[in-house]
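Right, one structure below, let's go through it.
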Amino acid sequence: MSDTRVSEQAEIKPVDAQPQPVYLKDYRPPAYRVTHTELKFDLSATDTQVHAALHLERHPDSEPGLPLTLHGEKLSLKHIAIDGQELQEGEYQVDDATLTIPEAPDRLRLETVVVIDPQANTALEGLYLSNGMFCTQCEAEGFRRITYYLDRPDVMATFSTTVIGDREQLPVLLSNGNPVERGELPNGKHFVTWEDPHPKPSYLFALVAGQLEKVEDHFTTMSGRDVTLQLWVESENLDKTEHAMRSLKASMKWDEETYGREYDLDLFMIVAVNDFNMGAMENKGLNIFNSAAVLTHPQTATDGAFQRVEGVVAHEYFHNWSGNRVTCRDWFQLSLKEGFTVFRDQSFSADVNSAPVKRIQDVSFLRTAQFAEDAGPTAHPVRPDHYIEISNFYTLTIYEKGSEIVRMLRNLLGWDTFRKGSDLYFERFDGQAVTIEDFVGCMAEVSGLDLDQFMRWYSQAGTPEIDAHGEYDYANGEYRLTLRQRTPATPGQPDKQPLHIPVRVGLVGTKSGEDLTLTLEGPEGKENLGKDGVLHLREDEQTFVFTNVAEAPVPSLLRGFSAPVKLRFPYGREDLAFLLQNDSDGFNRWDAGQRLAMLALDDLIAAHRNGVEKVMDPRVTEAFRSLLNEPSDDKAVLAEMLTLPSEAYIAEQQPMVDVDAIHAARNFVKQWLAVSLRDEFLSLYRANQSDAPYAPDAEQIAQRSLKNVALSYLMSIEDEEGVELARQQFEAQHNMTDVRAALTLLVHSSRGDIADPALRAFGEKWAHDPLVMDQWFSVQVTRPQSDALDRVKYLMDHPAFSLKNPNRVRALIGAFVGQNRVNFHRLDGEGYKLLSDVVIELNRLNPEIAARIITPLTRWQRFDEQRQALMKAELERIRAEDLSPNVYEVVEKALA
Ligand code: ARG
Ligand code: ZN
């Protein structure tokens, strides 16, 4: 027996051995493939034994003579044998990342026994303990912390997994596929054996063991098969499963009806876990969820949380085809599954809720957060060509921009052809690990379109900018629209090529207020585009000439946000007010309102900086007045229209971010509108009050958001009646959406006399519920008052807080650094220091979370010199630590 204790010693690397990048161009097929994997886990908190038997054979496409090299980290090897023969020293080599067998036969059964320590696993990758429950997270490279394996997505095997555990402590033992055997063992143990007949890569492996209770339901598939659906939770959460189960059934049905995709096992399980780095994970047949992304109850979860759960349940379920049946060849192709699956879950949520609001929310998020990423030091293409730590690439660019690219394909092809391409993709590549070319190739094949230039969307980082301007020629009835595109340089990509950008446009007649018919002057003569058509921008600059334009138009550009770009057009404020009233495209009507508000905000930001009196643009007030007095939209859209651009979005539009000026300008607009339209807001509030029993449906959600938007205006001026309404709304404790909205407005006001007792009552009532306490943390640390930072420090010592739990970290630290801009960016640098202290601590505990929470510090280039210096000093302080590859990669980029 050899005992190579690599786990502890491998921690400290010499300073000169910095982590090295992996390159897409170096991709090679693996030397071996695994046809079948047998696993046996004997679970124990500190010494779990993992017995693996891998059926290996040489890969037909591999270079001859390559040794058999398996990945493995933090494993203590106890035993190794080939075809029943114990290996001798010298027949294999082990280091801190691999196990190599130079002279392995072409076909073999490799057996290993390793011991791992789930309790010491605070990184939450591989097998770990959460609240006494064993669970796994293997994507992207966590499986190598469980056993020696070819831990790469192009190695796909069937799995047979036996889980052994204490009968009392671990009554429930789960893994992928179907349970085929169970029984009792000596010493109070029992076991269950699971078989997963679908070949899968190791990143889709899952195991869960603990004291769990289940809620069960059924779904009959389109071919008439019965699927058992199980949701496993801790017993105190049994009353929080209904919405997730309903969402799951709706997703299964939607994927059958929309994409023709049927579920392929007899059992589908979801488990809720308290400690989880991300939202959830699509392991085959056994999805593991962050409890925050699956549990809901009207008293504990807001409408936003209900909608998030619906979206995440759908996302993970949809991965069963876009990800599991057809997976990625290598991790550079991550957006192949994530971009497509986000597009699918966004479409699902749009179908079951308000479609225009879903689009507005998705675009707001993209334009605020993804655009910032694409403009910062960690900008990367949707298909990166190198990385140091793949966990750092589960980004907004891979997910959200990736989804926008798929959406552009859908729009370029039209739904029916896109669906044919999707069918072809799933049929041709079922059971395979493929590339983004394979996906786009199917779309090109079914449509006959040339998508070569379009592929640049995957390889070029940065947000393209389009400068548009138009001229109306009265005499000839012509409108000439010139579009010029440019993608700014990003790290490692100084020069950019023009992209193929679909720009959906309409021309709105200034007299009629109607969409004019578009006749485009093309190389092959005139082309009729109807009332709204797509222009294909392919060159650096192109002019589009519309003929027979009977009246002067205002162009409505990039309708529905047809491409993920920044589009500038010299709209006058009257034009924007006109589009806000008349645009037939709901998204652009909302966007016109945002642009109008932005113009006013720009003036006010300048006034604040120059210390001159702030003057409100009356056109904004009038636009809001007409929205309130003649509401033409559904309530959900109206609530979005009445919401001012966020501070983060405003900051994105500024050449240099002045956090205080932005905060002051936005408050000024809000208060001005509240004073001017006080009665309108009050009646809007009253008109949308209701004591109907809570339901998370589109109608009620719209009502609540409209009511709470109205309340936020009234509270911005601490209107006496408004304060009283907020107090009553909190006291009524009708549902968490209303309670949290009221509590937030009170805590963010100067009315401590009401806010403090409310906070105390809330904290006591919910002390037992960590997901509600997360909201209690967030509400407090986002208050704009100058004591926010002290509150963060104080709350970090609260018994309900722990740096080891990612949800707590996000709720307290993440909310402060991400949403409390005035306080995080304090000029004494204390906000930055707090964040870097947390990053340094998390770098040891949980590198993946450390590398994410650090994001605001990496954006130092956007601020004034004084703040830049402070932020860089903190990054340098972090750099001096012994860094995980995760944090190392981000800090190096930020300081490059
Ligand atoms: N595939 C998962 C999802 O998007 C996310 C896995 C994230 N893993 C990670 N190490 N960051 O559904
Ligand atoms: Zn995903």
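Only one residue in Gly506, Gly470 is buried (at least 20 other Cβ atoms within 10 Å of the Cβ), in contact (Cβ under 8 Å) with a residue 60 or more places away in the chain and touching a Ser or Thr at 6+ places or on another chain (Cβ under 6 Å), so which one is that?
On the way: Gly470 fails: touching a Ser or Thr at 6+ places or on another chain (Cβ under 6 Å).
None of the others qualify; the one that does is Gly506.
Residue-by-condition table, conditions (1) under 20 Å from Lys670 (Cα atoms); (2) in contact with a Gly (Cβ under 6 Å, 6 or more places away or on another chain):
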position	(1), (2)
Ile701	no, no
Arg704	yes, no
Ala710	yes, no
Met715	yes, yes
Glu720	yes, no
Val723	yes, no
Gln729	no, no
Gln733	no, no
Met736	no, no
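Residues that are within 16 Å of ligand 1 (Cβ to nearest atom): find the strands (runs of 3 or more DSSP E) completely inside the range 105-151 holding 1 or more of those.
Of the strands (runs of 3 or more DSSP E) lying wholly inside the range 105-151, those with at least 1 residues that are within 16 Å of ligand 1 (Cβ to nearest atom) span 126-130, 133-137.
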Residue within the range 437-460 that is surrounded by 14 or more Cβ atoms within 10 Å (Cβ to Cβ), more than 30 Å from Gly572 (Cβ to Cβ) and of a type in the set (Val, Ile, Thr) present: yes
Members of the range 536-574 found to be surrounded by fewer than 19 Cβ atoms within 10 Å (Cβ to Cβ) and outside any loop (DSSP other than H, G, I, E, B), listed by number: His536, Glu541, Gln542, Thr543, Val545, Thr547, Lys566, Arg568, Arg573, Glu574
Suppose we keep only residues that are free of Cβ contacts under 8 Å to residues at least 60 places away in the same chain and surrounded by 23 or more Cβ atoms within 10 Å (Cβ to Cβ) within the range 875-891. Which one would you say is farthest from Tyr832 (Cα to Cα)? Leu883
Sole miss for Glu830 among (1) surrounded by fewer than 20 Cβ atoms within 10 Å (Cβ to Cβ); (2) of a type outside the set (Phe, Trp, Tyr); (3) more than 25 Å from Ile662 (Cα to Cα) is condition (3)
Restricted to the range 396-436 and to residues being of a type in the set (Asp, Glu) and surrounded by fewer than 17 Cβ atoms within 10 Å (Cβ to Cβ), the residue farthest from ligand 1 (Cβ to nearest atom) is Asp416
Taking the conditions exactly as written (of a type in the set (Gly, Ala, Ser) and either away from ligand 2 (no atom under 11 Å from the Cβ) or out of contact with any Lys or Arg (no Cβ under 9 Å at 6 or more places or on another chain) (or both)), does Ala314 satisfy them or not? no
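Looking at the structure I just gave you, is Arg225 within 16 Å of Gly285 (Cβ to Cβ) and charged (D, E, K, R)? So that I can check it myself, show each step before the final result.
On the way: within 16 Å of Gly285 (Cβ to Cβ): yes; charged (D, E, K, R): yes.
Here the answer is yes, as Arg225 does meet what is asked.
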Just for the range 143-177: of the residues that are within 31 Å of the chain's Cα centre (by Cα) and among the aliphatic types (A, V, I, L, M), which one is nearest to Tyr128 (Cα to Cα)? Ile146
Note down all Cβ pairs under 9 Å where the first residue falls in the range 533-546 and is hydroxyl-bearing (Ser, Thr, Tyr), the second is part of a strand (DSSP E or B), and they're at least six residues apart or on different chains. Thr543/Arg480; Thr543/Leu481; Thr543/Thr482; Thr543/Leu483
Note down all Cβ pairs under 8 Å where the first residue falls in the range 334-347 and is farther than 17 Å from Phe365 by Cα and hydrophobic (A, V, I, L, M, F, W, C), the second is in a helix (DSSP H, G or I) and within 12 Å of ligand 1 (Cβ to nearest atom), and they're at least six residues apart or on different chains. Leu334/Ile390; Leu334/Phe393; Leu334/Ile398; Phe340/Gly402; Phe340/Ser403
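Restricting attention to the range 83-98, which residues are assigned to a loop (DSSP other than H, G, I, E, B) and under 22 Å from Ile146 (Cα atoms)?
First, pick out the residues of the range 83-98 that are assigned to a loop (DSSP other than H, G, I, E, B): 83-84, 87-92, 95-97.
Scanning the range 83-98 gives Asp83, Gly84, Leu87, Tyr92, Asp95, Asp96, Ala97.
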Taking the residues in the range 281-297 that are over 20 Å from the mean Cα position of the chain (by Cα), in a loop (DSSP other than H, G, I, E, B) and closer than 26 Å to Asn178 by Cβ as candidates, determine which candidate is farthest from ligand 1 (Cβ to nearest atom). Gly285
Can you spot a residue in the range 380-389 that is over 21 Å from Glu125 (Cα atoms), buried (at least 22 other Cβ atoms within 10 Å of the Cβ) and within 11 Å of ligand 1 (Cβ to nearest atom)? no
Can you confirm whether the range 158-179 contains a residue that is in contact (Cβ under 8 Å) with a residue 24 or more places away in the chain, among the small types (Gly, Ala, Ser) and assigned to a loop (DSSP other than H, G, I, E, B)? yes
Those residues of the range 158-177 which are within 30 Å of His59 (Cα to Cα) and touching a Leu at 6+ places or on another chain (Cβ under 8 Å), in sequence order: Phe159, Ser160, Thr161, Thr162, Val163, Ser175, Asn176, Gly177
Does Met641 fit the bill of being closer than 24 Å to Thr368 by Cα and at pLDDT 95 or above? yes
If you go through the range 277-289, how many residues are touching a Phe, Trp or Tyr at 6+ places or on another chain (Cβ under 7 Å) and away from ligand 2 (no atom under 13 Å from the Cβ)? 1
Taking the range 336-379 only, how many residues are more than 13 Å from the chain's Cα centre (by Cα), within 16 Å of ligand 1 (Cβ to nearest atom) and β-branched (Val, Ile, Thr)? 1
Given the criteria farther than 20 Å from Glu437 by Cβ and within 11 Å of ligand 2 (Cβ to nearest atom), does Glu338 qualify? no
Check the range 327-335 and report whether any residue there is at positive phi and within 14 Å of ligand 2 (Cβ to nearest atom). no
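Of all residues in the range 258-280, which are within 10 Å of ligand 1 (Cβ to nearest atom), surrounded by 23 or more Cβ atoms within 10 Å (Cβ to Cβ) and over 27 Å from Phe418 (Cβ atoms)? Walk me through how you get there before you give the answer.
To start, the set of residues in the range 258-280 that are within 10 Å of ligand 1 (Cβ to nearest atom) comprises 276-280.
Then keep just the ones that are surrounded by 23 or more Cβ atoms within 10 Å (Cβ to Cβ); that gives 276, 280.
Selection gives Phe276 alone.
The values are calculated or read from the model by the stated rules, or taken from the named source; none is laboratory data. Everything quoted here is computed from the prediction, not taken from an experiment. Note that each Cβ is placed from the backbone with ideal geometry, even for glycine, and that neighbours are counted across all protein chains shown.
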